[in-house]
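The values are calculated or read from the model by the stated rules, or taken from the named source; none is laboratory data. Fair warning: this is a prediction, and the values are worked out from it, not measured in the lab. Neighbour counts run over all protein chains shown; Cβ positions are idealised from the backbone, glycine included. Only protein heavy atoms, including side chains, enter the accessible area calculation; ligands, DNA and RNA are left aside. Shrake-Rupley method; radii C 1.70, N 1.55, O 1.52, S 1.80 Å.
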Amino acid sequence: MKFFCLSLLIISGIADSGSGQNKVVGSVDPVFAVAGDDVILPCSVKPNISVVDMRVEWSRLDQKDSQLVHLYEDHEDRNTEQSQSYRRRTKLNQQELPKGNASLKLSSVKISDEGRYKCFIQSKFWYDDATVDFKVEVLGSTPVITVDGFDHSGGLRLQCESEGWYPEPDLEWLDSEGVSLNSETTETHRNTDGFSVRHTITVHQSGKIHCSVKLKHYILETMIITTSNIYNFWKTSVSLFLTAVVLSVTFGRLIVVYKNRVSAVQGQHSLNVILDADTAHPRLIVSDDGKQVWDGKTRLELMNVKKERFNDYLGVLGKDGFSSGCFCFEVQVKGQTEWDLGVTRGSVSRKGLTVVSPMIGYWVVSLRDGTCWARKSPQISLPLSGKPERVCVFVDYEKGIVSFYDVKAITLMYSYTNQSFNEKLYPFVSLGYLSNENSTPLIICDEYY
């Protein structure tokens, strides 16, 4: 399990006590983690003094009988009386103890771990404790939008549902301007798998309709696009109308007769990406048609360089950029074990250690060590059921959206939302950093499923 530290030592707002007295501090705000990840529960002594020779005891306060979570005493862990549910899942960082840091790493977080924790530290001369409130969140399924026909006035009835969330999530409908729309019916149920939600709405205008399901720190979203033709068809033929609706549903895991590509939506088109070999890292080989790229294993000595090339990241840009509208392109990544895909501003530096994040102009998802990541700061691990074989990159320039879809699984991988674009964006494809021993090429797809 990848170590996913969702919280640093949060000690703002807690003042040191006077006269040099030591004080144990934890976290002012609750600490959050996603079920299955690892988390750090913060605890430290202020001012910083070594706790190597002290007793450090972590326990649960919200249980009927106080549970021992972890005990460190006489220079070693002493967990013979540790609660069974925490066995082999807790750890102190031995290198941090001399610095006064007694934070607890809790691995493979479970919903039952949610609660109030006490960190108690005792020396020969003093003792003190601090509490940490820990909250667990479980990400549910990607929202599913179902087209449920029309009402008597020709309004399009939509239903959005998602399941497996914890705690209870919020479901919200938004129009193309980001304005919240009132749900007509709402249902919430809870079972052993968590909370499920279902909301319905009727729309009469064409455009984008978003269904967003969110917790405090996480959000999953699905979008449907309706065109004015749909409402015209309704007036003449219900069967034609339903066909038009099917052709308008594009994003997320949608319930439709068959799977459609983004290119089927009015006002959008697939981008004919041709890789620009003049921007490629010297190790990369770009095919003559500009549709494939792979690591050539040796660094080419290039003469008469026309454009700035990547020199650390094994990256290459598309030849053509765009600064308006909606665009998408697909890349086959099957068999490759390390890659980065997305879009970037043409003005970003391609020299040295490139920090791939929206902060400097990269909107990217990556595969590293078998795990997909959204390259934000910090990075976000994407909870996918398997490795994608083909990825669709979709951009709505005006709305500031960059979304990534697993084409085969028909699922949304991740969306960057509320972004601000002020110059041309270019397709960005990379085989990782410095070198890639896997010879499988990344392939720009011209045929869409």
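Tabulated data
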item	result
Test: residue in the stretch 166-179 that is over 26 Å from the mean Cα position of the chain (by Cα) and assigned to a strand (DSSP E or B)	no
Within the stretch 208-226, considering residues that are modelled with pLDDT under 85 and open to solvent by 20 Å² or more (accessible area, probe 1.4 Å), the one nearest to the chain's Cα centre (by Cα)	Y218
Only listed residue being modelled with pLDDT of 90 or more and either surrounded by fewer than 12 Cβ atoms within 10 Å (Cβ to Cβ) or closer than 19 Å to T131 by Cα (or both), chosen from S17, S27	S27
Residues of the stretch 112-149 that turn out to be open to solvent by less than 50 Å² (accessible area, probe 1.4 Å) and part of a strand (DSSP E or B), as a count	18
Matching residues, the stretch 95-111, being within 30 Å of I219 (Cβ to Cβ) and either surrounded by fewer than 19 Cβ atoms within 10 Å (Cβ to Cβ) or free of Cβ contacts under 8 Å to residues at least 60 places away in the same chain (or both)	K105, S107, S108, K110, I111
Any hit, the stretch 198-208, residues being part of a loop (DSSP other than H, G, I, E, B) and on the phi > 0 side of the Ramachandran plot	no
